[in-house]
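The values are calculated or read from the model by the stated rules, or taken from the named source; none is laboratory data. Here the structure is a predicted model, which means the values were calculated and not measured. Neighbour counts run over all protein chains shown; Cβ positions are idealised from the backbone, glycine included. To get the accessible areas, we keep the full protein, side chains included, count just its heavy atoms, and leave off ligands, DNA and RNA. Shrake-Rupley method; radii C 1.70, N 1.55, O 1.52, S 1.80 Å.
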Amino acid sequence: MINQRTKIKEKYKLKKTPEKGEGIFATEEIQENELVMLGVIEKSVDQNHSHASQVGEFKHVLHAGQISKVNHSCDPNCGIRVNDTGAHDFVARRTIDTDEEITFDYAMRNYSIDFFPTDCTCGASECRGSITGWKSLSEEIKESYSTFVAPYLLEMDSRVTTRVLSLQND
C-alpha cells in the first residue's frame, strides 16, 4: 500500500501476537534509516496514558493510524523523529527483516511513564525489566538513542541537569 501523503510504500501489517495481543510486522525488508511509519496527530489529550505520545513538556496527543499498535522493546529496531507537523515518524535504527516485529522504546517519546505493568515482557536480551520513561534511562542508552528520540526530551533532560548542578553549587 502507498501512503498518499508522502508516497512511501507501507512495508508493514498488523498481526496478532500470542504475547502482546497485536503488533506491527514488516512485510518486506526495511533498511536502516528508512522511514517506516509516518506520524499524523489525530487529537490532543488531557493527560498521558498508554497510547498517548508526549509532543512537548506538557502536551500529549494520539497518533492516527496504526502507530499505537507498535509495541515496546528495550532493544528497539525503530526510533522516532519529529516531523514538520510535530508528530512522530518511525525510522529504522537498523535493518528490519521480513516478518520481524517493528518496535520502539516508549522512552523515546515520553519523559516519564507510570501506567504500564511493573514487569516488561519485551523479551530483549538487554531488557531493563520495566517500561520506563526517558528520565530513567542510563546515560549509555540515552546516547545510543540520541538521533532517534524526540528533541524535547533532550531539552527537558538539559534543564533538569542544569537545575541539579545549580543546587549543588549553592
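Some observations on this one:
- Prolate is the label for the chain, because a/c, from the alpha-carbon gyration tensor with a ≥ b ≥ c as root eigenvalues, is 1.5 or above and a/b exceeds b/c.
- Between GLU126 and ASP46, full extension at 0.36 nm per residue minus the direct alpha carbon distance yields a gain of 25.5 nm.
- Based on DSSP H segments of at least four residues, each scored -39500 (n - 2.57), the chain has a per-residue ellipticity at 222 nm of -5000 deg cm²/dmol.
- The candidates CYS78, CYS127, arranged from most to least accessible area with a 1.4 Å probe in the full protein assembly, appear as CYS127, CYS78.
- Heavy-atom accessible surface of PHE104, to the nearest 10 Å², is about 0 Å², with a 1.4 Å probe and all protein chains retained.
- With protein chains left intact and a 1.4 Å probe, residues in the chain average 54 Å² of accessible area per residue.
- Shown for the chain: the carbon plus sulfur share of the solvent-accessible area, taken with all protein chains present and a 1.4 angstrom probe, equals 49%.
- Convex hull volume of the Cα atoms of the range 14-101, normalised per residue: 102 Å³.
- The range 42-170, relative contact order [Cα under 8 Å, separation at least 6], %: 24
- Shape box of the range 11-64 [Cα atoms, principal axes, largest first, Å]: 37, 29, 16
- Among PRO76, CYS127, GLN66 - extreme Cα towards positive end, dipole of the chain, charges at beta-carbon: GLN66
- Within the full protein context, the accessible area of GLU34 is estimated at about 50 Å² for a probe radius of 1.4 Å.
- Dipole moment magnitude, nearest 20 debye, the range 1-106 about Cα centre, only Lys, Arg, Asp, Glu C-beta charged: 360
- Between the C-alpha center of the range 74-119 and that of the range 23-65 there is a gap of 8 Å.
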